[in-house]
Amino acid sequence: MTREQFEHAIRAAGAVLGVAELLVIGSQAVHGSMSGPLPMEAVRSVEVDVAVRGDIEGRLADLIDGSIGEASMFHDTFGYYAQGVVESTARLPTGWQARLVPFDTPATRGVTAWCLELHDLWISKAVAGREKDREFCRALSQRGVVMVDVLELRLDTVPALDPRVRSAVLRWIAS
């Protein structure tokens, strides 16, 4: 997803929901912290995961999915879409909310996308552990935009994390 596509999806999600602030918790959160060319592992995604703070039951997430989500007219027309999620979708380090990075440009037309900070995003993706997440984390590490010591500290604060997952992510951080 290009920056322009990201801006469009954020603008559309804000309009559908009638809100001025969204939370971006998936790979597209890189737009909040990185400028210039993004890793291929980020731009190949055709979806942006958006949530609204306080939408615990997922009603607004469902509205996004039905309006501009996968297989919607929006998706068919533009080739990308917004996926409605809730905050608890991602496993995140304690304090992540205080580290959110705002993304707003003239093209988002007054809608601010609060994006996960890169270290929090890396940890979330590493804990999820899917192949596409590992590739994404590897790309951020190779770009030098995340620091090993920060990743280790953040991993230690992920609540109720299975010790086997913690060990696997620690080994991955060290490599």
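The values are calculated or read from the model by the stated rules, or taken from the named source; none is laboratory data. Not measured: the values here are computed from a predicted model. FYI the Cβ positions are ideal-geometry reconstructions off the backbone, even for glycines, and counts take in every protein chain you see.
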I need the full set of residues from segment 57-73 which are crowded, with 20+ Cβ neighbours inside 10 Å and either among the hydroxyl-bearing types (Ser, Thr, Tyr) or more than 24 Å from residue 133 (Cβ to Cβ) (or both), in order please. 60
Quick one: count up the residues across segment 75-117 that are farther than 17 Å from residue 47 by Cα and in contact with an Asp or Glu (Cβ under 8 Å, 6 or more places away or on another chain). 11
Scanning segment 129-151 residue by residue, those under 20 Å from the mean Cα position of the chain (by Cα) and closer than 16 Å to residue 99 by Cβ turn out to be 140, 145, 146, 147, 150, 151
In segment 51-66, which residues are hydrophobic (A, V, I, L, M, F, W, C), at pLDDT 95 or above and assigned to a loop (DSSP other than H, G, I, E, B)? 52
Residue list for segment 139-171, filter: surrounded by 17 or more Cβ atoms within 10 Å (Cβ to Cβ), more than 16 Å from residue 92 (Cα to Cα) and in contact (Cβ under 8 Å) with a residue 40 or more places away in the chain: 139, 140
The correct count of residues that are over 11 Å from residue 23 (Cβ atoms) and surrounded by fewer than 21 Cβ atoms within 10 Å (Cβ to Cβ) in segment 84-100 is 6
Of all helices (runs of 4 or more DSSP H) completely enclosed by segment 83-175, which ones contain at least 2 residues that are among the acidic types (Asp, Glu)? 131-143, 148-155
Only one of (1) assigned to a helix (DSSP H, G or I); (2) surrounded by 13 or more Cβ atoms within 10 Å (Cβ to Cβ); (3) among the polar types (S, T, N, Q) is not met by residue 77, so which one is it? (2)
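Go through segment 1-56 and count every residue that is of a type in the set (Val, Ile, Thr), surrounded by 22 or more Cβ atoms within 10 Å (Cβ to Cβ) and over 15 Å from residue 74 (Cβ atoms).
Of the residues in segment 1-56, the ones of a type in the set (Val, Ile, Thr) are 2, 10, 16, 19, 24-25, 30, 43, 46, 48, 50, 52, 56.
With surrounded by 22 or more Cβ atoms within 10 Å (Cβ to Cβ) added as a condition, the list becomes 10, 24-25, 30, 48, 50, 52.
Remaining after also requiring over 15 Å from residue 74 (Cβ atoms): 24-25, 30, 52.
Residues flagged as of a type in the set (Val, Ile, Thr), surrounded by 22 or more Cβ atoms within 10 Å (Cβ to Cβ) and over 15 Å from residue 74 (Cβ atoms) within segment 1-56 amount to 4.
Examine segment 10-29 for a residue that is in contact with a Cys (Cβ under 6 Å, 6 or more places away or on another chain) and either in contact (Cβ under 8 Å) with a residue 60 or more places away in the chain or in a strand (DSSP E or B) (or both), and state whether such a residue exists. Give the derivation first.
Of all residues in segment 10-29, those in contact with a Cys (Cβ under 6 Å, 6 or more places away or on another chain) come to 24, 29.
Okay, now just the ones that are also either in contact (Cβ under 8 Å) with a residue 60 or more places away in the chain or in a strand (DSSP E or B) (or both), so 24, 29.
Yes, because at least one residue in segment 10-29 is in contact with a Cys (Cβ under 6 Å, 6 or more places away or on another chain) and either in contact (Cβ under 8 Å) with a residue 60 or more places away in the chain or in a strand (DSSP E or B) (or both).
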